[in-house]
1. Which pairs have Cβ atoms under 9 Å, sit 6 or more apart or on different chains, and link a residue in segment 48-72 that is of a type outside the set (V, I, T) to one that is open to solvent by 100 Å² or more (accessible area, probe 1.4 Å)?
2. Given (1) open to solvent by 100 Å² or more (accessible area, probe 1.4 Å); (2) touching a Leu at 6+ places or on another chain (Cβ under 7 Å), identify the lone condition not met by E60.
3. Could you check segment 9-72 for helices (runs of 4 or more DSSP H) lying wholly inside it with 2 or more residues that are in contact with a Phe, Trp or Tyr (Cβ under 6 Å, 6 or more places away or on another chain) and not hydrophobic (A, V, I, L, M, F, W, C)?
Amino acid sequence: MKKGLERTFLEYGIRQTDLQVIAELCDKHELDADWLKEQILKRYHEAKVDRIEMDDSATEKVIDKALKELKS
């Protein structure tokens, strides 16, 4: 029997099926799913690893920073 994490749980701590839903929503709302994954989900995951508990303020900072970079 294989041990360890399944591949479906490895990308930013989000299941592959959930990432597919996110990608579909991005398409529906004409957003770049790759941008969302790299600039928000990846950064959120990195911040969460450092903090363990993410409050709303910390989450907002991650999203705000990504949106400011998008505008510039």
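The values are calculated or read from the model by the stated rules, or taken from the named source; none is laboratory data. These figures come from a predicted structure and were not determined experimentally. Positions of Cβ are backbone-derived with ideal geometry, glycine not excepted, and every protein chain shown enters the neighbour counts. Remember, those area values only see protein heavy atoms, side chains included, never the ligands or the DNA or RNA. Shrake-Rupley method; radii C 1.70, N 1.55, O 1.52, S 1.80 Å.
1. Matching pairs, first to second residue: A58/R51.
2. It fails just one condition, (2).
3. Working: elements: 16-28, 42-51, 56-71.
Hits in segment 9-72: 42-51.
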